[in-house]
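Every number here is computed from the coordinates shown, using simple stated rules; none is lab data. Here the structure is a predicted model, which means the values were calculated and not measured. Cβ placement follows ideal geometry from the backbone for every residue including glycine, while neighbour counts extend to all protein chains displayed.
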Amino acid sequence: MQSEAGEGLHVAIIMDGNGRWAARRGWPRVAGHRAGVAAVRRVVERAPELGIARMTLYAFSSDNWRRPALEVRSIFSLIAAYLRIERERLKEVGARLEAIGRRDRLPRLLLREIEQCESATAGGRRLHLRVAVDYSSREAIARAAAELVGEGGMHSHEALERGLAAVLHAAGGDVDLLIRTGGEKRLSDFLLWESAYAELVFTDRMWPDFDETDLEAAVVEFRRRDRRFGGVPAANAETAAMAAELSGAALRTP
Ligand code: IPE
Ligand code: IPE
Ligand code: MG
């Protein structure tokens, strides 16, 4: 399912490069994560004005558990602090916060902040802000599939695909634009299903340096792209329609 015209863009961001940003300054990695929080504030404030209705931010991947325990703990407390400090501001902005990913392995304090922020901002209509914490796209797809199979009726792969599309669409919908900062060009298990036709923008900018202008530039780049969804380029569509008409006419010719 593609997002409908006029309903606003779904932008997903892999916020990468915090560690290197800090290392270049001779600072500990956690200083980079702290600086990254300011970048989150900047993009959240700017997003609605750029026609972004939904934004999914990759804050902590399930594979990030491989990092030193101290770094993991620091990231969780920064996320918790962000949710606590920004709660009122998110309400003012009209943002509805939702955490995606596993919740069963998160520290209790973080879980509480997530739940409080989610309920405090539940009425937000301008921006659906999804923060991915302990998130793995493969795990999310597998879980959705297991639920559908458990419910029964998924006897064909078509039915399963339709079911999965419905479940994942209800959860967040297709990504229009996926941005990764920090110079790497990979998805790192983020929104694999939802990004089937996402436009990808990679930037060398480290996440703590990312600002409103960079977000705007990515959206401008997105608007320049010709999304085809397997069809023909928009410029050729008219020609293609004429060709189809002609071949139809040829078939009809006795
Ligand atoms: C992204 O920055 C933030 C998280 C993964 C939590 P990194 O911490 O991956 O920064 P680099 O890639 O090491 O520079
Ligand atoms: C992806 O970044 C996860 C987040 C940004 C939260 P990583 O830095 O963990 O990804 P890899 O390990 O370089 O693929
Ligand atoms: Mg990284």
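Among 9-22, 67-80, 225-238, 127-140, the peptide with the highest mean count of other Cβ atoms within 10 Å heads the list, and the full ranking is 9-22, 127-140, 67-80, 225-238.
Rounded to the nearest 20 debye, what is the charge dipole size of the chain about its Cα centre when +1 sits on each Lys and Arg Cβ and -1 on each Asp and Glu Cβ?
Details: 38 positive and 37 negative charges, 195 e Å.
Once rounded to the nearest 20, the dipole reads 940 debye.
Based on the reciprocal of the average 1/r between different C-alpha atoms, the Kirkwood radius for region 153-253 equals 17.0 Å. Neighbour counts of other Cβ atoms within 10 Å put Tyr58, Tyr82 in the fewest-to-most order Tyr82, Tyr58.
Using Cβ point charges alone (K and R +1, D and E -1), the dipole size of region 135-254 about the Cα centre works out to roughly 460 debye.
Computed on the Cα trace of the chain, the radius of gyration divided by the Kirkwood hydrodynamic radius gives Rg/Rh = 1.04. Ranking Leu9, Ala69, Thr56 by how far each Cα lies toward the positive end of the dipole of the chain (charges on Cβ) leaves Ala69 at the top.
Per residue, the convex hull around the alpha carbon atoms of region 1-93 comes to 120 Å³.
If each residue of separation counts as 0.36 nm, what is the full-extension length gain between Glu184 and Glu118 once their alpha-carbon separation is subtracted?
Numbers: separation 66, 0.36 × 66 = 23.76 nm, distance 3.13 nm.
Net length gain for the segment: 20.6 nm.
Placing +1 on the Cβ of every Lys and Arg and -1 on the Cβ of every Asp and Glu, with no other charges, gives region 82-145 a dipole of roughly 60 debye about its Cα centre. FRET efficiency for the Ala145 to Glu221 pair, using the beta carbon distance and R₀ = 30 Å, is estimated at 0.35. Between the residues Leu246, Ala23, Tyr197, the greatest Cα displacement towards the positive end of the dipole of region 5-252, with unit charges on the Cβ of Lys, Arg, Asp and Glu, is found for Ala23.
Counted residue by residue at 0.36 nm each, then reduced by the alpha carbon distance between them, the extension gain from Ala234 to Leu246 reaches 2.4 nm. Spatial offset of region 37-58 relative to region 109-123 amounts to 18 Å, using the alpha carbon center of each. Counted residue by residue at 0.36 nm each, then reduced by the alpha carbon distance between them, the extension gain from Glu161 to Asp104 reaches 17.8 nm.
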